[in-house]
1. Which semi-axis lengths, in whole Å and largest first, follow from the square roots of five times the eigenvalues of the Cα gyration tensor of the stretch 79-150?
2. Of the cross-linked pairs Lys58/Lys185; Lys58/Lys120; Lys24/Lys58, which ones have a Cα-Cα span greater than 31 Å in the structure shown?
3. Over the Cα atoms of the stretch 53-109, compute the convex hull volume and normalise it per residue, giving Å³.
4. What nm value, rounded to one decimal, do you get for the distance between Ala46 and Val31 when each label is placed 7 Å out toward the C-beta?
5. To make sure I understand the rule: partners must be aspartates and glutamates, Cα under 12 Å from the Cα of Lys94, and not fewer than 8 residues away in the same chain. Which ones qualify?
Amino acid sequence: MRKVLAVMVAVLVLSAGSAMAQGKVEISGLVGWTFSDGVTGSPVKAPDLNTYDAVDLKDSMNWGLMFGVMANPNLEIGFMFNQQMSALRLEGSKNRELGDMGINSYHGYMAINFGDEESKVRPYILGGIGATSYGSVNYTDAAGQPGSTSGATQFSTTWGAGVKFFVSSHLGLRVGMRWTPTYIKTDPGGYWCGYWGCYSTGNPQYANQFDFSGGVTIRF
């Protein structure tokens with residue numbers, strides 16, 4: 001994953017140099033709401049006598065920044081950062097919220113902007129690759145003792161669409177939605193048998209974020 005990100009950063013830097021020389025750069029500040037889900041696992045009997053079989057993430061507010069350069073009038077290459085102020089929850093025979101969790105995502109992206117570059121309204125679609133970082137969580141266990149979870153960073157992609165509305169040549173508003181699936185783990189899935197023999201298979205699990213946001217875009 002590091003090699004892929006390094007290549008994307010190199011492409012972004014090279015494109016930025018050319019685009020900035022032409023004065024075609026867009027910077028956006030965003031705020032919105034994220035619907036999140038977690039992953040399931042084997043049932044675990046906890047000291048509080050409840051059985052838990054899923055780790056979930058709380059839906060919550062998010063904010064983000066985007067920096068994009070126009071490689072040509074329709075192709076945009078950029079980087080985006082997003083933070084969701086979520087919380088970690090256990091689900092099972094009883095649902096229990098453990099504590100607040102910050103979720104940060106970092107993605108290099110490519111976007112296709114439709115219409116003429118001077119149009120007042122420009123729909124777009126985008127796809128990106130990067131990572132999602134889950135922060136540590138401080139909690140109190142069933143015995144009343146404090147504890148904490150360690151953070152983790154996982155590979156993720158992001159896919160989105162939206163519309164930019166320009167009120168002038170340098171200022172615009174944008175609204176959009178994104179889906180960010182983050183790989184968490186792979187559960188055993190059984191065996192697959194063919195001509196060359198039998199092989200074990202797995203069922204990957206992803207934590208998904210569905211983000212709806214809007215904000216201001218500055219173009220120069």
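1. So the three semi-axes of the stretch 79-150 are 41, 13, 9 Å.
2. Lys58/Lys120; Lys24/Lys58, as the Cα separations exceed 31 Å there.
3. Dividing the Cα hull volume of the stretch 53-109 by its residue count gives 92 Å³.
4. Spacing of the two 7 Å Cα→Cβ label points: 3.3 nm.
5. The reachable aspartates and glutamates, counting only those whose Cα sits under 12 Å from Lys94, are Asp48, Asp53.
Where a number appears in this text, it was derived from the coordinates with a stated rule and is not lab data. Bear in mind that the values here come from a model prediction, so they are computed numbers and not experimental data. Neighbour counts run over all protein chains shown; Cβ positions are idealised from the backbone, glycine included.
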